[in-house]
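First comes the structure, then the notes that go with it.
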Ligand code: DGJ
């Protein structure tokens, strides 16, 4: 006797089967099943008989596999110092509109396991999470607990993982499936540059643009663990959990909740999965005061002046930024306490009167008078020992304080007095000055990995946002160290990296695009000589990289020559004309036939328009550019296409007569031709991005 449930979105069905009321197994996660599929028959058809050298039962690979059920892989729950030894049985399945809630009960331990699932047919993403409840008086402590465990597809040979470092976030690597457990953990107490909590699983016949692919992401900004395990019997499980460095008591009034796991499946390659995630972020995760407002072009002064704030210089930079078309001026680190370098003043959130004798008011007014809005940098969770705050409250720190990171300690957000202090400091700033954006930084790993630090951060962010609903917040952690769907429920965009090196940034943006849409991915044109790599690139290359996401500038604008300033102004104007398409459309990473070319395109919802960015990163092995096959177009539609940066065509690489596209003419081709023969781009120098636009004839 078993019970089955199904979760459907247009591109997937997930079927759960509970054998004799035990915790359910996900027996199917793939293409949408017919409405009248016999789920019992399907579930029965997946059963395997034990073979030699095994226990006499085949243990369930349930949503929370347990040793008590004979499961010999990594258990999903650790409790009271042991892998969970409970035996949950179905108690009830309360009705939930558009979702599933299953309650399982383990009588001896008087605990309940709850499974929650919410499929969204509009976005094609399923949200899954679970909770453990203690109904009795016996102590119950959770050491770890995974969100509902999914079986990984058998027709995949590798996992696409995301790793990185400061100035090199979202690097991708393919890890083959093999017997044993692959574990990725972040013990940083934040999402981390190194171990992003998300994976893609392409199947053997899939690519970016076609075939069956799966994606999973844990929306959590604290420590986390991912386990991808293949058992000796060939079955595969994927677990995602929040990490903690101490057991957490579960009492009658304090259940343990896992973070949400977001999953999607597509037959349109990994792009289909990414587009589902983008749409979910747009429709269900982000909250804007004014969702229709275009994402503004930023100017950030960090790499222009660092801590050296001089009002006349910043006023001048504001004027120059406005002349170029900037819409939001951001005053970065250095404006508060006695912050002349990074050894001091975090915690003292009042304006440095040595640098700003009259406060920030005049700068804010100047910025507004020039038609821009004003944004401010803060790093509220942190404190320098060289600060009034630390001197007054050395007991407010998280952890032992043995190690500092960037000379700073961390405040313990679980303390109500710390919460109130931070709220009051930020509230005062937002009340005194007309600020519409905060860059919320976080520049060190935490000394202790406690989920409540993360939950209290979310609460603080929400408190600030309900008091100041028009203020947008950008999540930043030395660049992209805290970017995930969890923090995005409380913020509106992210700083992807401290690397303004356009070459690096193009790769970082591609990696981030597996999960995050372009309009929330901050990207700046940096100084002529890149401060984090010492490299120099053409303005066209830099502006195209920044102009493909949420565009900004971050440099001493006084270094721009007249020609460069004109180029930047033009690039900003182009971005403004294009951002409607970029920020509401579908992003497609292309399968380039040349691994030195990293290309993506963006289509509008009715596929009548597109923009293609094809980045020649390194010189190619062959002489001719290989044709680049496009994706996501309507096969029948004829598109007028144009190479927008014909000026970047280099004669020495393209001698003599050129094809009409490269000669700057409009060429009309069908979606079929563009997707199957592809676009013939110029032969290029490295570090060139070709921009091709297309619109329905
Ligand atoms: C780290 C951030 O990632 C940078 O963009 C900048 O804001 C600095 N902190 C300021 O200290």
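The values are calculated or read from the model by the stated rules, or taken from the named source; none is laboratory data. The model shown is predicted, which means the values in this text are computed figures rather than measured ones. Please note: Cβ atoms are built from the backbone with ideal geometry, for glycine as well, and neighbour counts cover all protein chains shown.
Just one of (1) in contact with a helix residue (DSSP H, G or I) (Cβ under 7 Å, 6 or more places away or on another chain); (2) surrounded by fewer than 16 Cβ atoms within 10 Å (Cβ to Cβ); (3) at positive phi trips up residue 636, so point out which. So the condition that residue 636 fails would be (3).
Restricted to segment 360-370, and to residues there that are over 31 Å from the mean Cα position of the chain (by Cα) and free of Cβ contacts under 8 Å to residues at least 60 places away in the same chain, the residue that is nearest to the ligand (Cβ to nearest atom) is 363.
Taking the listed residues 486, 479, the one that is within 16 Å of the ligand (Cβ to nearest atom), in contact with a strand residue (DSSP E or B) (Cβ under 7 Å, 6 or more places away or on another chain) and in contact (Cβ under 8 Å) with a residue 24 or more places away in the chain is 479, with no other qualifying.
If you go through segment 325-342 and keep only what is more than 12 Å from the ligand (Cβ to nearest atom), touching a residue at least 40 places away in the same chain (Cβ under 8 Å) and either over 16 Å from residue 434 (Cα atoms) or not in a strand (DSSP E or B) (or both), you end up with 325, 326, 327, 337. Regarding residue 457, is this residue over 24 Å from the mean Cα position of the chain (by Cα), modelled with pLDDT of 95 or more and either closer than 18 Å to residue 491 by Cβ or within 16 Å of the ligand (Cβ to nearest atom) (or both)? No, not satisfied. If you go through segment 138-153 and keep only what is in contact (Cβ under 8 Å) with a residue 60 or more places away in the chain and assigned to a loop (DSSP other than H, G, I, E, B), you end up with 139, 140, 147, 148, 149, 152, 153. Is it fair to say residue 376 is in a helix (DSSP H, G or I) and touching a residue at least 40 places away in the same chain (Cβ under 8 Å)? No, not satisfied. Taking (1) buried (at least 16 other Cβ atoms within 10 Å of the Cβ); (2) modelled with pLDDT of 95 or more; (3) more than 16 Å from the ligand (Cβ to nearest atom); (4) over 30 Å from residue 312 (Cβ atoms) in turn, residue 391 satisfies each apart from (1). Can you pull out the residues in segment 195-233 that are part of a loop (DSSP other than H, G, I, E, B) and in contact with a helix residue (DSSP H, G or I) (Cβ under 6 Å, 6 or more places away or on another chain)? Those that are part of a loop (DSSP other than H, G, I, E, B) and in contact with a helix residue (DSSP H, G or I) (Cβ under 6 Å, 6 or more places away or on another chain): 206, 207, 208, 209, 210, 220, 221, 222. The residues on offer are 409, 425, and the sole one that is within 29 Å of the chain's Cα centre (by Cα) and either more than 16 Å from the ligand (Cβ to nearest atom) or under 24 Å from residue 375 (Cα atoms) (or both) is 425.
In segment 544-572, the qualifying residues are those that are assigned to a loop (DSSP other than H, G, I, E, B) and more than 16 Å from the ligand (Cβ to nearest atom), and the one that is nearest to the chain's Cα centre (by Cα) is 548. Criterion applied to 65, 50, 94 was being surrounded by fewer than 16 Cβ atoms within 10 Å (Cβ to Cβ) and either within 22 Å of residue 129 (Cβ to Cβ) or in contact with a helix residue (DSSP H, G or I) (Cβ under 9 Å, 6 or more places away or on another chain) (or both), and the one residue passing it is 94. I'd like the residue in segment 307-319 that is buried (at least 20 other Cβ atoms within 10 Å of the Cβ) and in a helix (DSSP H, G or I) and, out of all such residues, is farthest from the ligand (Cβ to nearest atom). Out of the qualifying residues, it is 318. Within segment 590-612, the residues that satisfy the criterion of being farther than 19 Å from residue 207 by Cβ and out of contact with any strand residue (DSSP E or B) (no Cβ under 7 Å at 6 or more places or on another chain) are 604, 605, 606, 607.
Looking at residue 312, is it at pLDDT 95 or above, farther than 30 Å from residue 632 by Cα and over 28 Å from the mean Cα position of the chain (by Cα)? Yes. Within segment 245-261, the presence of a residue that is closer than 19 Å to residue 173 by Cα and not in a helix (DSSP H, G or I) is excluded.
Here residue 399 clears all of (1) away from the ligand (no atom under 16 Å from the Cβ); (2) surrounded by 15 or more Cβ atoms within 10 Å (Cβ to Cβ); (3) more than 32 Å from the chain's Cα centre (by Cα) except the condition numbered (3).
Any residue at all in segment 436-448 that is more than 16 Å from the ligand (Cβ to nearest atom) and under 16 Å from residue 288 (Cβ atoms)? The answer is yes, given that some residue of segment 436-448 is more than 16 Å from the ligand (Cβ to nearest atom) and under 16 Å from residue 288 (Cβ atoms).
Can you spot a residue in segment 515-525 that is within 16 Å of the ligand (Cβ to nearest atom) and over 17 Å from residue 169 (Cα atoms)? Yes, segment 515-525 contains at least one residue that is within 16 Å of the ligand (Cβ to nearest atom) and over 17 Å from residue 169 (Cα atoms). Of the residues examined, residue 347 is one that is within 16 Å of the ligand (Cβ to nearest atom) and surrounded by 15 or more Cβ atoms within 10 Å (Cβ to Cβ). Filtered by the rule that a residue be without any contact (Cβ under 8 Å) to a residue 12 or more places away in the chain and under 29 Å from the mean Cα position of the chain (by Cα), segment 65-95 gives a lone residue, 75.
Of all residues in segment 457-491, those being surrounded by 24 or more Cβ atoms within 10 Å (Cβ to Cβ) and in contact with a helix residue (DSSP H, G or I) (Cβ under 6 Å, 6 or more places away or on another chain) number 2.
For segment 137-152, a residue qualifies if it is out of contact with any strand residue (DSSP E or B) (no Cβ under 6 Å at 6 or more places or on another chain) and modelled with pLDDT of 95 or more, but none of them does.
Restricting attention to segment 96-124, the residues that are touching a residue at least 40 places away in the same chain (Cβ under 8 Å), assigned to a loop (DSSP other than H, G, I, E, B) and farther than 23 Å from residue 30 by Cα add up to 0. Just one residue in the set 322, 304 is farther than 30 Å from residue 207 by Cα, in contact (Cβ under 8 Å) with a residue 12 or more places away in the chain, more than 16 Å from the ligand (Cβ to nearest atom) and part of a helix (DSSP H, G or I); that residue is 322. (1) within 23 Å of the chain's Cα centre (by Cα); (2) in contact (Cβ under 8 Å) with a residue 60 or more places away in the chain: which one isn't true of residue 585, the others all being true? Only one criterion in (1) within 23 Å of the chain's Cα centre (by Cα); (2) in contact (Cβ under 8 Å) with a residue 60 or more places away in the chain is unmet by residue 585, namely (2).
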